[in-house]
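A.B. asks: Quick one: structure below, then a few questions.
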Amino acid sequence: PEKAMAAMARQAPESLAELNRLIQRSEPLVPGATQAVLGEGPEGAAIAIVGEQPGDQEDREGRPFVGPAGQLLTAALEEAGIDRSGLYLTNAVKHFKFVQRGKRRIHQSPTAGEVKHYRWWLMTELGFVRPRLVVALGATAALALSGRPISVLRERGPRAFDGWDGFVTVHPSYLLRLPGDEERRRAQAEFVADLRRAAALA
Ligand code: URA
């Protein structure tokens with residue numbers, strides 16, 4: 001990975017568009033993934049939101065946060081009074097990692113090594129976007145941004161990441177998986193409150 005990082009640094013893209021071309025040309029994590037899913041949103045956005053990796057639908061459409069978790073995020077942003085189109089949305093890992101089970105492609109969490117492999121790209125990307133605040137959705141994003149394992153439930157809230165003012169909150173997929181309706185509603189309300197609080201910091 002160190003060698004790969006050094007090789008990437010030598011690529012030295014001079015713009016976000018150039019960086020994105022390098023990412024698009026890179027190998028997917030799993031053969032059969034459709035495409036790299038790039039970040040989306042204006043350079044200079046006050047807030048960047050970082051997820052884990054594209055899901056099945058994101059991989060097909062080539063856009064971040066368009067599947068079920070993305071729809072939950074979009075609804076939570078709306079409820080928090082935040083305009084999604086003003087944000088920069090991206091992922092720690094740019095390719096969908098999955099195992100094929102019949103017709104279904106089942107999401108696989110990236111390993112710490114895989115997160116590290118993509119980290120230089122993420123940091124370079126943020127360097128072009130220059131947000132005032134970076135929001136990590138879940139542990140993988142928090143690991144990518146801080147370079148160390150982070151317990152979301154213990155370290156939820158404002159956090160300094162490697163050179164960035166940050167904010168740690170849960171991943172929307174976690175909210176989708178909560179079993180009880182009551183528990184899910186409460187956790188979703190806390191997620192909306194986190195987004196509001198983050199927006200006030202940016
Ligand atoms: N969709 C994304 O683009 N990222 C995630 O982390 C989850 C769903």
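The values are calculated or read from the model by the stated rules, or taken from the named source; none is laboratory data. None of these values were measured; they are calculated from a predicted model. No Cβ is skipped: glycine too gets one built from the backbone with ideal geometry, and neighbour counts run over all protein chains shown. SASA here: full protein model, heavy atoms, side chains in, ligands and nucleic acids out. Shrake-Rupley method; radii C 1.70, N 1.55, O 1.52, S 1.80 Å.
A.B. asks: Roughly speaking, what is the stretch gain from residue 123 to residue 165, that is 0.36 nm per residue apart minus the C-alpha to C-alpha distance, in nm to one decimal? Display every interim value, and only then the final one.
C.D. replies: Working: separation 42, 0.36 × 42 = 15.12 nm, distance 1.32 nm.
Between residue 123 and residue 165, full extension yields an extra 13.8 nm.
A.B. asks: Which order do peptides 24-32, 122-130 fall in by mean Cβ count within 10 Å, highest first?
C.D. replies: On the way: 24-32: 12.1, 122-130: 18.2.
Going from most to least packed, we get 122-130, 24-32.
A.B. asks: Residue 151 to residue 196: extension gain in nm, 0.36 nm per residue of separation minus the Cα-Cα distance?
C.D. replies: Details: separation 45, 0.36 × 45 = 16.20 nm, distance 2.11 nm.
The residue 151-residue 196 span can extend by a further 14.1 nm.
A.B. asks: Something else now. Considering amide H positions built from the backbone, and no H for Pro or chain starts, which residues 5 or more places from residue 66, or on another chain, come under 5 Å of its amide H?
C.D. replies: Amide H to amide H, under 5 Å and 5 or more residues apart or across chains, residue 66 pairs with 58.
A.B. asks: Can you list residues from other chains, or at least 5 along the same chain, whose modelled amide H is less than 5 Å from the amide H of residue 98?
C.D. replies: Distant-sequence amide H within range of residue 98: 108.
A.B. asks: Give me the accessible area of residue 47, 1.4 Å probe, in Å² rounded to the nearest 10.
C.D. replies: So the heavy atoms of residue 47 present about 20 Å² to solvent.
A.B. asks: While we're looking at this one, here's another question. Starting from the Cα of residue 78, step 7 Å along the direction of its Cβ; do the same at residue 43; then give the gap between the two resulting points in nm.
C.D. replies: Between residue 78 and residue 43, the label points sit 3.1 nm apart.
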